[in-house]
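*Asks:* Mind looking over this structure? Questions follow.
The values are calculated or read from the model by the stated rules, or taken from the named source; none is laboratory data. All values derive from a computational prediction rather than experimental measurement. Backbone-built Cβ (ideal geometry, glycine too); neighbour counts: all protein chains shown. Heads up: the accessible areas ignore ligands, DNA and RNA and are worked out on the full protein's heavy atoms, side chains in. Shrake-Rupley method; radii C 1.70, N 1.55, O 1.52, S 1.80 Å.
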Amino acid sequence: MLSELSSLINSKVPNAKAEVINPEEGSLGEGSILVAPESIYAVCEFLKTNDKYSFNALQVISGVDYLECIEVNYMLGNFDVNNPRQLILKTKLTDRVNPRLDSVCGLWHAANYQERECYDMLGVTFNNHPDHRRILCPDDWEGFPLRKDYMTQKYYRDMEVFPDDKMNYEEREFIVRQKQMEEDLKKRMLERGM
Amino acid sequence: MQDGIVLAKADELLNWGRKNSLWPMTFGLACCAIEMMATGASKYDLERFGCGAFMATPRRADLMIVAGTVTLKMATRVKVLYEQMAEPKYVISMGSCANKGGPYWQHGYHVLKGVDEVVPVDVYVPGCPPRPEALIEGIMTLQKKMASERLLADKWVKNA
Ligand code: SF4
């Protein structure tokens, strides 16, 4: 179904650059379709309105930070009793500083909270989102916690996040290690020119 | 006791009344709150200790049971709720999360490391979650503490 669907997307949506990603040999999991980020709205619209597949339910939007790119995943479904089907749609954003995508709230209302969570955790901005705010962290939170290079802020409104007098020695070692790992990560990213 | 006269010290009489009508605030944050609800329900029946009337507003409550994970976002609200309560007021910190961050104390970027960072705590109840018996013991400990307080003597007579 995937290759058929991806060629259908390519023929109907120009610049979609849809390609099938199969799980690696010997590993479990489902295949997915990767599309270009600029065409995400058009592809979703096609997948929803298309008669044959008509994915009328958006199950989840999630994101993954892979350092070289931020991947946003859409799980679409149709709960037709006779022919239930689902699809994992992926798109990769290479701009880590200001990642942007078009919102699909116009197609599925369920996208509203999911996109807000994706913004909250990974900092992906969604164009044309009706209510673009953080959803879990407070509005004045700094940084995006699910990014690989995330550094916890020292204070949140005069409350210390890791108070020194409440950390035991092993704990402090852990924090030092974590800080080192983060520095290494930063260095690696600089070397790669990001 | 003769001829319908009871003799008691004003402070002790007050304390006896206060400690047996401790009204907690309806306020739960995470999984520990489920255990707190179980404590208030029929099997463990907090009302036996005069403490089962969960108040819907902090203005009428004497006791705040911080039952659950205090995130940094919630911490500001916990502080406001505490300040809205009328004196004298007491705080029980229930569960490891409220005591010291619990399971989130190493990696929890969003969790306050102990509710005592924002409000003064009278009794800590350890456990994850503490069993209802543990919470009841915490409340009884608080009642003992209240029985030994001398509010009139300390606050009014001294400052008179
Ligand atoms: S102490 Fe345990 S049971 Fe209580 S809120 Fe924290 S994680 Fe949940």
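*Asks:* If you take the accessible area of A alone, add that of B alone, and subtract the area of the pair, what total do you get in Å², probe 1.4 Å, to the nearest 100? If you can, show how the numbers build up before the last one.
*Replies:* On the way: alone 11880 and 9350 Å², together 19650 Å².
Its buried surface, counting both partners, is about 1600 Å².
*Asks:* Right, something else. Could you give the longest part of chain A that holds none of the trypsin sites (Lys or Arg not before Pro) found in DSSP loops with at most 11 neighbouring Cβ atoms within 10 Å? Show your work: numbers first, answer last.
*Replies:* Values: sites that count: A:K52, A:R133, A:K154, A:R157, A:R192.
Free of exposed loop sites, the longest segment is A:53-132.
*Asks:* Here's another thing I want to ask about it. Calculate, for B:M55 and B:A147, the FRET efficiency according to 1/(1 + (r/R0)^6) with r their C-beta to C-beta distance and R0 25 Å; round to the nearest 0.05. Intermediate results must be reported in sequence, preceding the final value.
*Replies:* On the way: r = 22 Å, r/R0 = 0.87.
Efficiency, rounded to the nearest 0.05: 0.70.
*Asks:* Shifting gears a bit: Considering amide H positions built from the backbone, and no H for Pro or chain starts, which residues 5 or more places from B:I65, or on another chain, come under 5 Å of its amide H?
*Replies:* HN-HN under 5 Å from B:I65: B:M25, B:I92.
*Asks:* Within the stretch A:40-168, count lysine pairs with alpha carbon atoms under 25 angstrom apart where the residues are 8 or more positions apart or belong to different chains.
*Replies:* Details: A:K48/A:K90; A:K48/A:K92; A:K52/A:K90; A:K90/A:K148; A:K92/A:K148; A:K154/A:K166.
The number of close lysine pairs in the stretch A:40-168 is 6.
*Asks:* For the stretch B:1-113, give the share of DSSP beta bridges that are antiparallel, in percent and rounded to the nearest 5; count only bridges with both residues there.
*Replies:* Working: 2 of 9 bridges.
Antiparallel bridges: around 20 percent, rounded to the nearest 5.
*Asks:* Let me ask something else about it. Please turn the phi angles of the stretch A:50-59 into ³J(HN,Hα) values with the Karplus equation 6.51 cos²θ - 1.76 cosθ + 1.60 (θ = phi - 60°), one per residue in order, whole Hz, x for glycine and proline.
*Replies:* 4, 5, 6, 9, 5, 7, 9, 10, 9, 8
*Asks:* Hey, another quick one. Please give me the summed charge of the neighbours of B:H110: other residues whose Cβ is under 15 Å from its Cβ, Lys and Arg +1, Asp and Glu -1.
*Replies:* Numbers: positive: A:R134, A:R147, A:K154, A:R157, B:K73, B:R77, B:K113; negative: A:E117, A:D120, A:D139, A:D140, A:E142, A:E160, B:E117.
Computed value for this residue: 0.
*Asks:* Provide a list, ordered by number, of residues in the stretch B:46-75 showing at least 40 Å² less accessible area with every protein chain present than when their chain is taken on its own, using a 1.4 Å probe.
*Replies:* Listed by number, the residues meeting the 40 Å² cut-off are B:L72, B:K73.
*Asks:* Right, here's the next one. Would you pull out the residues with amide H under 5 Å of B:V111's amide H, same chain only if 5 or more places away, H placed 1.01 Å from N?
*Replies:* B:L72
*Asks:* Using a 10 Å cut-off on Cβ atoms, rank the peptides B:129-136, B:50-57 from the highest mean neighbour count down. Display every interim value, and only then the final one.
*Replies:* Values: B:129-136: 19.2, B:50-57: 16.0.
Averaged packing, sorted descending, gives the order B:129-136, B:50-57.
*Asks:* Rounded to the nearest 5, what is the percent of antiparallel bridges among the DSSP beta bridges in the protein assembly as shown?
*Replies:* Details: 24 of 40 bridges.
Percent antiparallel among DSSP bridges in the protein assembly as shown is about 60.
*Asks:* So what are the ³J(HN,Hα) numbers for the stretch B:60-72, from phi and the Karplus equation (6.51, -1.76, 1.60; θ = phi - 60°), rounded to whole Hz, Gly and Pro as x?
*Replies:* Result, ordered by residue: 9, 9, 9, 10, 10, 9, 7, 9, x, 6, 8, 6, 4 Hz.
*Asks:* Output ³J(HN,Hα) for the stretch A:84-91: one whole-Hz value per residue in order, computed from phi by the Karplus curve 6.51 cos²θ - 1.76 cosθ + 1.60 with θ = phi - 60°, and x for Gly and Pro.
*Replies:* With the stated coefficients, the stretch A:84-91 comes to x, 8, 8, 9, 9, 10, 10, 8 Hz.
*Asks:* Something else about it: Using the Cα centre of the protein assembly as shown as origin and beta-carbon charges of +1 (Lys, Arg) and -1 (Asp, Glu), tell me which of A:H132, B:A134, A:M1 is placed farthest towards the positive end of the dipole.
*Replies:* It is B:A134, whose Cα lies furthest towards the positive end.
*Asks:* State, in angstrom, two size descriptors of the stretch A:67-194 derived from its alpha carbons: Rg to one decimal place and Dmax to the nearest whole number.
*Replies:* According to the Cα coordinates of the stretch A:67-194, Rg and Dmax are 18.7, 61 Å.
*Asks:* For the protein assembly as shown, build the charge dipole from Cβ charges (+1 Lys, Arg; -1 Asp, Glu) around the Cα centre, then report which of A:M159, B:A53, A:F46 sits farthest towards its positive end.
*Replies:* Result: B:A53.
*Asks:* Right, next: Calculate how steeply helix B:132-147 sits against the longest principal axis of the alpha-carbon atoms of chain B, using the helix alpha-carbon long axis, and give the answer as 0 to 90 degrees to the nearest 10.
*Replies:* Roughly 40 degrees between the two axes.
*Asks:* Nothing charged except the Cβ atoms of Lys and Arg (+1) and of Asp and Glu (-1): what's the magnitude of the dipole of the protein assembly as shown about its Cα centre? Round to the nearest 20 debye. All intermediate terms of the calculation are to be shown ahead of the outcome.
*Replies:* Details: 43 positive and 49 negative charges, 136 e Å.
Approximately 660 debye in magnitude.
*Asks:* Counting alpha carbon pairs within less than 8 Å and at least 6 residues apart, what relative contact order, in whole percent, applies to the stretch A:1-108?
*Replies:* On the way: 183 pairs, mean separation 24.6, N = 108.
Once normalised by length, the contact order is 23 percent.
*Asks:* Sum up the charges of everything whose Cβ sits under 15 Å from the Cβ of B:T71, counting Lys and Arg as +1 and Asp and Glu as -1, but leave B:T71 out.
*Replies:* Values: positive: A:R134, A:R157, B:K73, B:R77, B:K79, B:K100, B:K113; negative: A:D120, A:D139, A:D140, A:E160, B:E117.
The answer is +2.
*Asks:* What 222 nm value per residue comes from the helices of chain B, counting each DSSP H run with n ≥ 4 as -39,500 (n - 2.57) and dividing by all residues, nearest 500 deg cm²/dmol? Walk me through the numbers on the way to the answer.
*Replies:* Numbers: 5 runs with 55 residues, N = 160.
That calculation yields -10500 deg cm²/dmol at 222 nm.
*Asks:* Relative contact order for chain B using alpha-carbon pairs under 8 Å, separation at least 6, rounded to a whole percent?
*Replies:* On the way: 267 pairs, mean separation 38.8, N = 160.
It rounds to 24 percent for chain B.
*Asks:* Sequence gap at least 6, Cα distance under 8 Å: using those rules, report the relative contact order of chain A to the nearest whole percent. Could you put the intermediate results ahead of the total?
*Replies:* Details: 289 pairs, mean separation 26.1, N = 194.
Dividing the mean separation by the residue count of chain A yields 13 percent.
*Asks:* Okay, next question. Assign one of three labels to the stretch B:80-160, namely rounded, prolate or oblate, based on the Cα gyration tensor with a ≥ b ≥ c the square roots of its eigenvalues; rounded applies when a/c is under 1.5, prolate when it is not and a/b is larger than b/c, and oblate otherwise. Present the calculation step by step, with values, prior to reporting the outcome.
*Replies:* Values: a/c = 3.34, a/b = 1.71, b/c = 1.95.
Since a/c reaches 1.5 but b/c is at least a/b, the shape of the stretch B:80-160 is classed as oblate.
*Asks:* Which angle between 0 and 90 degrees, to the nearest 10, do you get for helix A:2-12 versus the longest principal axis of chain A when only C-alpha atoms count?
*Replies:* Here the helix axis deviates by roughly 80 degrees.
*Asks:* Could you do me a favour and compute the accessible area per residue for chain B, 1.4 Å probe, result in Å²? Before the final figure, lay out each step's value.
*Replies:* On the way: 8550 Å² over 160 residues.
Value for chain B: 53 Å² per residue.
*Asks:* Next question, about the same structure. Determine how large the accessible area of B:W23 is when every protein chain is in place; take a 1.4 Å probe and give Å² rounded to the nearest 10.
*Replies:* Counting only protein heavy atoms, the figure is 100 Å².
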